[in-house]
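Below is one structure; the comments refer to it alone.
The values are calculated or read from the model by the stated rules, or taken from the named source; none is laboratory data. As the structure is a prediction and not an experimental result, all values here were calculated from the model. Every residue, glycine as well, gets a Cβ built from its backbone with ideal geometry; the counts of neighbours run over all protein chains shown.
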Amino acid sequence: MQPRARLWSLFLVLITGFALVAAPPAAAATGFPPVGGRWAEPGPFPVAVEALDADHTVYRPATLGQNGLRHPVIVWGNGTFATPPVYDGLLRHWASHGFIVAAANTAWSGSGQEMLAGATALAWENDLEGSPYFRKVDLAHIGASGHSQGGGGTIAAGADPRITTTVPIQPGPQGSVKALRGPMFILAGQRDLIVFPPLLVIPRYRQATQIPAIYGELAGATHGTPTGDGGGYRGATTAWFRFWLMGDQQARGEFFGPACRLCDDPAWSSFQRNPRAEAIRAPALS
């Protein structure tokens with residue numbers, strides 16, 4: 001092979017590999033009702049809360065599988081000393097948008113294994129005839145999220161090939177960002193004095209060079225802001241999961257392209273995108 005041809009082949013390999021990492025999932029779930037950009041408002045699904053097993057509480061649409069839908073999954077990890085009811089409003093909100101949220105019933109989810117066990121339990125239920133989850137769980141689209149120690153657990157869980165995307169919220173030090181396989185939306189609070197953004201969040205965002213990554217620092221947010229209904233994090237996290245797990249193209253425009261809506265939103269004291277995130281195209285104009 002001539003030197004010029006060899007260089008051209010190498011260029012194509014690099015560009016193709018970059019596109020595979022930067023592109024959204026090719027087989028994103030479809031058929032979920034649009035919400036007109038109202039990410040922070042309740043979605044169209046009534047919500048049920050139940051025990052999945054002894055170790056997990058599930059927040060889910062009350063009726064699963066309407067019109068043949070398979071519901072994407074979010075596995076959740078609590079902060080230290082917290083349990084799912086501390087985040088009840090946020091977890092219900094995600095479920096109202098069509099997600100099955102498996103929340104670990106532990107205040108010690110930093111290993112990520114407690115969160116991943118929720119995905120394993122749902123996979124078992126998805127194959128169990130007679131289960132309300134039977135063939136209604138979209139196991140190809142599983143996100144991970146959590147707060148504080150659970151945010152660290154989110155990063156740890158993200159090394160698992162089952163996890164499509166991660167949303168660590170004010171994360172603890174657990175897990176390796178370098179081991180993540182899918183895009184990350186890492187969140188900080190401007191006034192968080194426990195997980196101080198310049199020391200504990202921004203450096204982890206900068207380590208994520210192998211994946212599309214976005215850093216969002218919510219103006220005025222303290223370490224307690226994500227509890228309850230998620231506060232100012234609720235809408236952005238919903239849009240992120242709707243794009244990566246449901247293929248909602250309107251949600252794509254919140255984060256990507258030159259007209260990225262959140263990039264200049266004053267609700268965020270800092271909103272940064274790494275080169276792989278910058279490379280993701282904006283939604284097509286209708």
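If you go through region 104-113 and keep only what is buried (at least 23 other Cβ atoms within 10 Å of the Cβ) and at negative phi, you end up with Ala104, Ser109, Gly110. Of the residues making up region 147-155, at least one is of a type outside the set (A, V, I, L, M) and either touching a Cys at 6+ places or on another chain (Cβ under 8 Å) or in a loop (DSSP other than H, G, I, E, B) (or both). Only a single criterion out of (1) surrounded by 17 or more Cβ atoms within 10 Å (Cβ to Cβ); (2) more than 27 Å from Gln113 (Cβ to Cβ) is not satisfied by Arg191, namely (1).
A count restricted to region 231-275 and to residues that are assigned to a helix (DSSP H, G or I) and surrounded by fewer than 21 Cβ atoms within 10 Å (Cβ to Cβ) stands at 5. Looking at region 24-98, the strands (runs of 3 or more DSSP E) lying wholly inside it that each contain 2 or more residues that are surrounded by fewer than 22 Cβ atoms within 10 Å (Cβ to Cβ) sit at 47-53. Annotation for region 182-198: at least one member residue is under 15 Å from the mean Cα position of the chain (by Cα), at pLDDT 95 or above and of a type in the set (Val, Ile, Thr).
Can you report the number of residues in region 206-230 which are β-branched (Val, Ile, Thr) and either closer than 14 Å to Val167 by Cβ or part of a strand (DSSP E or B) (or both)?
2
Assessment of region 129-142 against the conditions (under 14 Å from the mean Cα position of the chain (by Cα) and under 10 Å from Val75 (Cβ atoms)) yields at least one matching residue. Of the conditions (1) surrounded by fewer than 19 Cβ atoms within 10 Å (Cβ to Cβ); (2) of a type in the set (D, E, K, R); (3) over 27 Å from Ala51 (Cα atoms), Arg135 satisfies every one except a single condition; which number is it? Among (1) surrounded by fewer than 19 Cβ atoms within 10 Å (Cβ to Cβ); (2) of a type in the set (D, E, K, R); (3) over 27 Å from Ala51 (Cα atoms), Arg135 violates only (3). Report yes if some residue within region 276-285 is small (Gly, Ala, Ser) and touching a Gly at 6+ places or on another chain (Cβ under 9 Å); otherwise report no. The answer is yes; a qualifying residue exists. Considering each residue of region 9-32 in turn, none proves to be aliphatic (A, V, I, L, M) and at pLDDT 95 or above.
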